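Enquirer: Right, I'll just put the structure down here and ask away after.
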Amino acid sequence: MAQPDFRKEAEAHYDEMVAMRRDFHRHPELGFEETRTSGIVAETLQDLGLEVQRGIGQTGVVALLEGSRPGPTVLLRFDMDALPIQENSDIAYASENPGVMHACGHDGHTTMGLTLAKILSKFQGDMAGTLKFVFQPAEEGLGGAFAMIADGVLENPKPDVALAMHLWTPEPYGNVRVLEGPCMSSSSVFTLTVTGRGGHGAAPHMAVDPVLAAAHIVAALQSIVSRNVDPQDSVVVSIGEFKAGTTFNVIPDDAVLKGTVRSYNNELHRMIYRRILEMATKMAEAFSCTASMETIAIVQAVVNAPEPTAVVYEAAAQIMGEDHITPKRTMASEDMGFILDEIPGCYFFIGAGNDEEARFPHHHSRFNFAEQAMIDGVAVMGQAVANYLMGSDSE
């Protein structure tokens, strides 16, 4: 059975994809608030004749496309949420929702997912198995994947494999990133509270200054990666927030630091936290202060299983050419790791960077991506599905 030409199929839908993506971009919605987006998703899937469930993980949508013969169940996941960022661009389709913006490409992901449903539904009779389309809310640090898992997204039917992709502007348009093993890091948040004794800024000897202690802690923490971690391992320790005091001439009682740890190794991640707590408490003590720490584990590393990665690699080679596949990973994080911890799968990146639209990084107020990359994403994912459910061209 000859497989469809997924690049031609995707190209035929390109104008429709651009219009759909720009509509989603104009109307972004934050995590667990994607009512308009999920409504469009559900209605589109219903119109295609898929079996649709709404309200999975609050605002998530799940749809089943049954093949004509028994076979594996393949889960395809697409995220829908935007970020709390005020868009600062002059594009014609800029966000109309103040303070909310699609600054990571999820508008494109939702569009690609719906386009895949339209294309693959035409070949339902050629499929041996089931496609489970998952449109997920709240990927951006709010636990959307976990909420959908709690609502049973990995049951009835249980997937045999899970696939997901991300439009990725650090990778040039025309390339795709596919690699086995960890491809995105675990991510966690810590809060350090340094407590001293407040007083007048003109009489620091009468106070115990937590700001000074906290400043030394910030500097000391940067030694953990350089002096406690094997140089061959990848770890990030970053402080992104430092809050203390309310005016210029008062030494406050407390200083609060917030930061993140990123790594690909859970045991190493735990070691980093032990060192953070040790260094913070002892450094604070050296300045006659105390320090306490709270942690939040947001997501674990995204780890690609060998067999699904091989299938996606083959699909990418068929669509893009093997010379356009790069085995790079990133310290960014993704809650797809929760799904891949339960179901073997592959998370891959579609190059979407260029010097025109995509000059600004993900999560920037002027973020954009090369819209032609949606053709590549649909084609590679469609080919991967075909390699699972439609056999090969030689069969």
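The values are calculated or read from the model by the stated rules, or taken from the named source; none is laboratory data. Remember, it's a predicted structure, so these values are computed and weren't measured experimentally. Note that each Cβ is placed from the backbone with ideal geometry, even for glycine, and that neighbours are counted across all protein chains shown.
Enquirer: Restricting the search to segment 308-320, which residues are out of contact with any helix residue (DSSP H, G or I) (no Cβ under 6 Å at 6 or more places or on another chain) and under 16 Å from Ala164 (Cβ atoms)?
Expert: Of everything in segment 308-320, those that are out of contact with any helix residue (DSSP H, G or I) (no Cβ under 6 Å at 6 or more places or on another chain) and under 16 Å from Ala164 (Cβ atoms) turn out to be Pro308, Thr309, Tyr313.
Enquirer: Right, another one. Here are the criteria: (1) in contact with a strand residue (DSSP E or B) (Cβ under 8 Å, 6 or more places away or on another chain); (2) modelled with pLDDT under 95; (3) more than 30 Å from Val312 (Cβ to Cβ). Tell me which single one Ile217 does not satisfy.
Expert: Of (1) in contact with a strand residue (DSSP E or B) (Cβ under 8 Å, 6 or more places away or on another chain); (2) modelled with pLDDT under 95; (3) more than 30 Å from Val312 (Cβ to Cβ), only one is false for Ile217: (2).
Enquirer: Okay, next question. With the requirement that a residue be in contact with a Phe, Trp or Tyr (Cβ under 9 Å, 6 or more places away or on another chain), surrounded by fewer than 22 Cβ atoms within 10 Å (Cβ to Cβ) and farther than 18 Å from Ile119 by Cα, what does segment 369-395 give you?
Expert: Hit for segment 369-395 is Glu371, nothing else.
Enquirer: Inside segment 123-139, can you point out the residues that are under 27 Å from Leu30 (Cα atoms), of a type in the set (A, V, I, L, M, F, W, C) and in contact with a Lys or Arg (Cβ under 9 Å, 6 or more places away or on another chain)?
Expert: If the condition is that a residue be under 27 Å from Leu30 (Cα atoms), of a type in the set (A, V, I, L, M, F, W, C) and in contact with a Lys or Arg (Cβ under 9 Å, 6 or more places away or on another chain), then Phe133, Val134, Phe135 are the ones that fit.
Enquirer: Can you name the strands (runs of 3 or more DSSP E) wholly within segment 256-361 that have at least 1 residues being assigned by TED's automatic domain parsing to the domain that holds Ala164 and among the aromatic types (Phe, Trp, Tyr)?
Expert: Passing ranges, in order: 345-353.
Residue-wise test of (1) surrounded by fewer than 22 Cβ atoms within 10 Å (Cβ to Cβ); (2) modelled with pLDDT under 95; (3) under 15 Å from Glu16 (Cβ atoms); (4) aromatic (Phe, Trp, Tyr).
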| residue | (1), (2), (3), (4) |
| --- | --- |
| Gly113 | no, no, yes, no |
| Ser121 | yes, no, yes, no |
| Met127 | no, no, no, no |
| Thr130 | yes, no, no, no |
| Leu142 | yes, yes, no, no |
| Gly152 | yes, no, no, no |
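Enquirer: Check segment 154-175 and report whether any residue there is β-branched (Val, Ile, Thr) and not in a strand (DSSP E or B).
Expert: Checked against the condition, which is being β-branched (Val, Ile, Thr) and not in a strand (DSSP E or B), segment 154-175 yields no hits at all.
Enquirer: So which residues in segment 338-367 are closer than 23 Å to Leu116 by Cα and surrounded by fewer than 24 Cβ atoms within 10 Å (Cβ to Cβ)?
Expert: Let us first name the residues in segment 338-367 that are closer than 23 Å to Leu116 by Cα, namely 339-340, 343-353.
Within segment 338-367, Ile343, Pro344, Gly353 qualify.
Enquirer: How many residues does segment 225-255 hold that are in a loop (DSSP other than H, G, I, E, B), at pLDDT 95 or above and among the polar types (S, T, N, Q)?
Expert: Going through segment 225-255 one residue at a time, the tally reaches 3.
Enquirer: Inspect segment 206-224 for any residue being of a type in the set (Gly, Ala, Ser), over 36 Å from the mean Cα position of the chain (by Cα) and either assigned to a helix (DSSP H, G or I) or not assigned by TED's automatic domain parsing to the domain that holds Arg329 (or both) and give the result as yes or no.
Expert: Step one: filter segment 206-224 for residues of a type in the set (Gly, Ala, Ser), giving 207, 213-215, 219-220, 223.
If we keep only those that are over 36 Å from the mean Cα position of the chain (by Cα) as well, we get 207.
Now narrow it down to the ones that are either assigned to a helix (DSSP H, G or I) or not assigned by TED's automatic domain parsing to the domain that holds Arg329 (or both): 207.
Taking every residue of segment 206-224 in turn, at least one turns out to be of a type in the set (Gly, Ala, Ser), over 36 Å from the mean Cα position of the chain (by Cα) and either assigned to a helix (DSSP H, G or I) or not assigned by TED's automatic domain parsing to the domain that holds Arg329 (or both).
Enquirer: Have a look at Ala244, Ala207 and point out the one that is farther than 22 Å from Met279 by Cβ and either in contact (Cβ under 8 Å) with a residue 12 or more places away in the chain or in contact with a Ser or Thr (Cβ under 9 Å, 6 or more places away or on another chain) (or both).
Expert: Working: Ala244 fails: farther than 22 Å from Met279 by Cβ.
From the options Ala244, Ala207, the qualifying one is Ala207.
Enquirer: In segment 301-346, what count of residues is obtained for those that are under 25 Å from Ala82 (Cα atoms) and among the hydroxyl-bearing types (Ser, Thr, Tyr)?
Expert: 2
Enquirer: Can you tell me which residues in segment 175-209 are closer than 16 Å to Pro327 by Cβ and in contact with a helix residue (DSSP H, G or I) (Cβ under 6 Å, 6 or more places away or on another chain)?
Expert: Matches in segment 175-209: Asn175, Val176, Val178, Glu180.
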